[in-house]
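To start, the structure itself, in structure tokens.
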């Protein structure tokens with residue numbers, strides 16, 4: 001795969017610009033798409049602080065014409081502690097997703113044996129309410145979004161915002177946790193933790209296994225956001241956007 005594609009995506013992200021056209025031929029497979037993602041990560045030269053999971057529901061996978069979830073990097077430069085203002089470039093999509101985030105307290109060491117869900121749970125240090133702002137580095141052409149280009153583009157992450165975490169997260173029933181999101185005081189959507197692959201821990205387990213099978217691992221200190229739990233919407237600049245996660249707390253942002 002031509003590494004110039006990864007460089008073009010990295011440049012667009014760093015500059016806050018949109019590519020006028022596809023930067024090369026569409027990847028032939030998900031594997032090639034992840035190779036481009038790796039090239040983008042290497043080129044962008046910003047520390048990776050974790051990972052996002054996308055296409056975490058059957059409906060989302062159907063829209064992207066794929067049969068599996070996908071993942072992409074979270075970069076230090078675009079990671080924020082709430083409450084905060086999030087700079088967004090001109091022409092940004094500013095799509096808002098409310099998600100549950102995990103932060104790991106220890107590495108999930110590479111091994112031949114598959115991880116169990118318990119192995120993954122034991123590596124969790126804290127659980128956080130979170131918002132992700134989604135944007136693509138491609139101009140909107142009206143064509144259906146291709147999952148392979150989405151993967152190459154880092155799964156369309158723009159910003160990750162986390163609220164105060166809880167270390168006693170096992171006291172929470174995460175699949176049944178009720179979540180809502182409001183913009184300028186108006187409720188935009190509701191859901192539960194089960195919206196993401198039956199529960200956020202199941203989503204985290206999927207990612208740990210997906211990376212293990214590729215010879216990669218999750219590291220202590222990594223944040224992992226586990227997918228949207230409520231209908232997504234386009235945010236507006238200058239007004240408060242608040243995700244309410246009940247016992248897990250709130251996360252508040254303003255797009256700027």
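Just need the relative contact order of the chain here, percent rounded to a whole number, with Cα pairs under 8 Å and 6+ apart.
Reported as a whole number, the value is 27 percent.
Going by how many other beta carbons lie within 10 Å of each one, how would you line up 210, 132, fewest first?
Starting with the residue having the fewest Cβ neighbours, the order is 210, 132.
Using a Gaussian network model of the chain with C-alpha springs under 10 Å, which one of 148, 52, 105 is most mobile by mean-square fluctuation?
105
Rounded, prolate or oblate for region 4-91? Axes are the square roots of the Cα gyration tensor eigenvalues, ordered a ≥ b ≥ c, and the cut-off for rounded is a/c under 1.5.
oblate
Could you tell me the largest-minus-smallest coordinate of the C-alpha atoms of region 203-256 on each of the three principal axes, in descending order and whole angstroms?
Cα extents, longest axis first: 43, 26, 23 Å.
Taking the beta-carbon count within 10 Å as an exposure proxy, list 184, 168, 153 from fewest neighbours to most.
Fewest to most other Cβ atoms nearby, the residues stand as 168, 184, 153.
Rank these for me by crowding, 102, 115, 233, going from fewest to most other beta carbons within 10 Å.
Ordered by Cβ neighbours within 10 Å, fewest first: 233, 115, 102.
Calculate for the chain the 222 nm mean residue ellipticity that helices alone would give, adding -39,500 (n - 2.57) per DSSP H run of length 4 or more and normalising by residue count, nearest 500 deg cm²/dmol.
Mean residue ellipticity, 222 nm, calculated: -7000 deg cm²/dmol.
With a ≥ b ≥ c taken as the square roots of the eigenvalues of the C-alpha gyration tensor of the chain, please select rounded if a/c is under 1.5 and otherwise prolate if a/b is larger than b/c or oblate if it is not?
Because a/c hits 1.5 or more and a/b fails to exceed b/c, the chain counts as oblate.
Once you sort the root eigenvalues of the Cα gyration tensor of region 116-190 as a ≥ b ≥ c, which label holds: rounded (a/c under 1.5), prolate (a/b larger than b/c) or oblate (the other case)?
oblate
Values quoted throughout were computed directly from the atomic coordinates according to the rules given, and no laboratory measurement underlies them. Since the model is a prediction, treat every value here as computed from it, not as a measurement. A quick note on method: Cβ atoms are made from the backbone with ideal geometry, for glycine too, and the neighbour counts reach across all protein chains shown.
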